[in-house]
Amino acid sequence: SSKAFSAMNVAEGDVLGWARVTRGHDEILLVSSAGQAIRFDEQEVRPMGLTAGGVLGMKLEGETGVRIVGMDCLRAEADLLLVREDGQAKRVALSQFPVQGRYGKGVLAWKCAGGPQLAGAVLGQEDDRVAVHASRGAAKSLRVGDAPRRTRGAAGKALIDVKDPDRVVRVTAGQP
């Protein structure tokens with residue numbers, strides 16, 4: 001259509017962070033700032049018409065301000081790169097995230113209770129590049145493989161030097 005139209009309703013206070021084209025049989029991974037991750041089959045998401053608000057993919061419980069910081073369709077040979085607000089990062093194999101039903105709490109991807117929250121989560125292979133965006137200054141580019149590969153319960157490693165009051169605010173696929 002040559003006329004502008006609304007593709008999706010977004011509630012006041014919410015932000016559309018990602019859009020992906022799926023093939024009808026993909027698995028979706030969502031990650032929250034509180035360090036939880038949920039993996040579910042896309043067939044659990046019912047088709048809706050234009051302007052629909054979508055369906056709930058993950059329960060966000062706990063502190064106020066918890067939000068989704070990463071979403072993607074799973075792809076073979078990829079790891080999940082997690083980056084915290086303080087510049088710590090780690091990679092986790094997707095096999096460590098069990099398939100669950102949609103709209104659950106998920107599993108612990110990184111223990112964040114009482115400490116720095118997750119700023120972003122991106123799927124990628126070792127040589128893929130991501131941009132790490134801080135609240136001050138330019139984005140920094142790094143390879144997914146720069147982060148150590150760890151288990152869900154393990155600590156990460158400082159990859160980005162973040163000094164107070166600066167903090168990492170998001171991570172995006174590709175170079176800055």
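The values are calculated or read from the model by the stated rules, or taken from the named source; none is laboratory data. All values derive from a computational prediction rather than experimental measurement. Note that we place each Cβ from the backbone using ideal geometry, even for glycine, and neighbour counts take in every protein chain shown. SASA here: full protein model, heavy atoms, side chains in, ligands and nucleic acids out. Shrake-Rupley method; radii C 1.70, N 1.55, O 1.52, S 1.80 Å.
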If we ask which residues in the range 26-53 are closer than 25 Å to D79 by Cβ, part of a loop (DSSP other than H, G, I, E, B), out of contact with any helix residue (DSSP H, G or I) (no Cβ under 7 Å at 6 or more places or on another chain) and not hydrophobic (A, V, I, L, M, F, W, C), their number turns out to be 2
Inside the range 67-90, the number of residues satisfying the requirement of being open to solvent by 40 Å² or more (accessible area, probe 1.4 Å) and touching an Asp or Glu at 6+ places or on another chain (Cβ under 8 Å) is 0
Restricted to the range 35-53 and to residues being under 18 Å from A11 (Cβ atoms) and of a type in the set (A, V, I, L, M, F, W, C), the residue surrounded by the fewest Cβ atoms within 10 Å (Cβ to Cβ) is L50
Scanning the range 119-142 for residues that are farther than 16 Å from D86 by Cβ and part of a strand (DSSP E or B), the one most open to solvent (accessible area, probe 1.4 Å) turns out to be R129
Across the range 143-157, the tally of residues that are assigned to a loop (DSSP other than H, G, I, E, B) and open to solvent by less than 70 Å² (accessible area, probe 1.4 Å) stands at 6
Restricting the range 132-158 to residues that are farther than 13 Å from A93 by Cβ and of a type in the set (A, V, I, L, M), the one farthest from the chain's Cα centre (by Cα) turns out to be A138
For the range 11-34, the count of residues that are among the aliphatic types (A, V, I, L, M) and open to solvent by less than 70 Å² (accessible area, probe 1.4 Å) equals 6
Counting only residues that are part of a loop (DSSP other than H, G, I, E, B) and not hydroxyl-bearing (S, T, Y), the range 85-108 contains a total of 10
| message | surrounded by 12 or more Cβ atoms within 10 Å (Cβ to Cβ), of a type in the set (S, T, N, Q) and either at pLDDT 90 or above or not in a strand (DSSP E or B) (or both): is that true of T64 in this structure? | response | no
